[in-house]
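Let me begin by presenting the structure, written as structure tokens, before commenting on it.
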Amino acid sequence: MGEENRKSEEVYMKKTGFEVIGVRPIPKSSRYMTPSKIFIFWAMASASATTPLIGYLLENLGILNLLLVFTISLLIGIIPAGLFSEMGRQFPVPSLVVSRKTYGYLTSNAFSALYTVVNIGWFGLNDSTGGLIVASLLHSNPIIWYIVFGIIQVILVLYGAKILEYFYRYTAIILIICYGILTYFLFKYFPINVHELLYSSNIDWGASIGLVLSFSILSWTYKISTATRFAKPYEETGRKFYFISAPLGIMVPVYLMGILGFVSQKAAGDWNLPAVAFPVSSALAIIVGIASIGAALAILHTNAMNLYPAVADFLTAVQPAFKNNKIEDISQPISTIVIGIAGAIAAVLGILQNASTFLNFVGDIIFPYTFIVLLDWYLRLRPQMITEKIMVKDFYNLPKSIKDNINVYSLLATIIGTILNVITIPSLSVLYNYFPQELFGSLIGALLYFIFIKLRLMK
């Protein structure tokens, strides 16, 4: 037990300062995040150079309907996102470790491996956008910048959540100034047709809301506890503003940058504002160039928070293989480098050209897991709901029985929810015009799991 406590305190590697805690619980001495820090952390994680893309993908809505879709998405996502934030504070471990109690140890680890791949895809998507911005400004090969951005992001993530939080906090103002300058030039040099901004056609409300949820708040939700495990403990501070800090942090940039991407696409023909060719003189071109490169800083913000959870997911998946403590201690830095390379390769292979397909895939497979884990935690695993306190070791000891490694109930509910997300049911097409299919299927999966819980409790 003493060895366990000693290891739990080793959050950072001596001499290098690299984070090496992996997916072990965060000690109280390292839990420092406040609501304002959590808000900035997630706002900068969400404020990607790719975030304006949602304005382009939904340009058929018109600006008023776009705002409405953003608001509906926030209302749908704020409770699950807030609850995952609380989960991280009550159990200072990643959600995929908590879900070992929901899905069984090895089943949850299999999900961890799958979500590692998803986060690599996100890394590649954002790396592509940032690389293209700089390449267009410097008239160079974007592959060079995919690699450069990848290296910078890997270095940031090697130092872990503490350095990421500092980085986000002190670069937020730079990002705001840069996008402010570019927005000024957009309105100054390109005509803004108000009628065109308001015009809407062929609105599929269900698909539009589902795309925003997959693009933003619900795709981030299960990752929130990976960061809020560094927040001050629930029992010391209560709820206060912790519940809403992460979801608002995620959605505020979606509102601002999504609208900006929408307006930029309508006015300048390019949603990617830093890559717009402004008709300016050489002196002003320098200012625009600096602002565009500064805006590309957003790629570092978001991609660091794609890489960081990807590493946590991967380590969760492979943790049973760690029999040697020394190997486990260096597993996080090594995994960060390997997964960062994989994300850069995804960018080189052209994942940006398949953005819509990728985003829909994300919703199909992540939403059912999100709601089922959340339901199980809220009904069974919260400290307020259990009579026997769950010990830290209960999340980490590999069970010997099959039933503790594979929970048939949660797995079946997830499979059914995922199937409902992807298959076409003609009789439900009218519903899907107004209610996202991936949300409907996921909620049905969660409802089914709720029934399983009740049936099991009755026995």
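The values are calculated or read from the model by the stated rules, or taken from the named source; none is laboratory data. Note that this is a predicted model, so its numbers are computed, not measured. So basically every Cβ, Gly included, is an ideal-geometry build from the backbone, and we count neighbours across all protein chains shown. These area figures cover heavy atoms from the full protein model, side chains too; ligands, DNA and RNA do not enter into them. Shrake-Rupley method; radii C 1.70, N 1.55, O 1.52, S 1.80 Å.
Think of a 1.4 Å ball rolled over the protein heavy atoms: the chain then has 41 Å² of accessible area per residue.
Averaged over residues, the count of other Cβ atoms within 10 Å places the peptides 63-75, 152-164, 273-285, 122-134 in the sequence 122-134, 152-164, 63-75, 273-285, highest first.
Note on Lys393 and Ser281: with the Förster distance fixed at 56 Å, the Cβ-Cβ geometry gives a FRET efficiency of about 0.25. At a 1.4 Å probe, what is the % contribution of carbon and sulfur to the accessible area of the stretch 63-208? Carbon plus sulfur share of accessible area: 75 percent.
Of the peptides 257-270, 291-304, the order by per-residue mean of other Cβ atoms within 10 Å, starting with the highest, comes out as 291-304, 257-270. Which whole number in µm²/s is D for the chain by Stokes-Einstein, with the Kirkwood Rh taken over Cα pairs at 10 °C and 1.306 mPa s? It diffuses with D of about 70 µm²/s by this estimate. Lys393 exposes around 100 Å² of accessible area when a 1.4 Å probe is run over every protein chain in place.
In a simple Cβ point-charge model (Lys, Arg +1; Asp, Glu -1; nothing else charged), the chain has a dipole of about 1340 debye relative to its Cα centre.
Estimated at 0.36 nm per residue, the fully extended path between Ile173 and Phe241 surpasses their Cα-Cα distance by 22.2 nm. Calculated FRET efficiency, Glu10 to Phe435, Cβ-Cβ distance, R0 = 45 Å: about 0.45 to the nearest 0.05.
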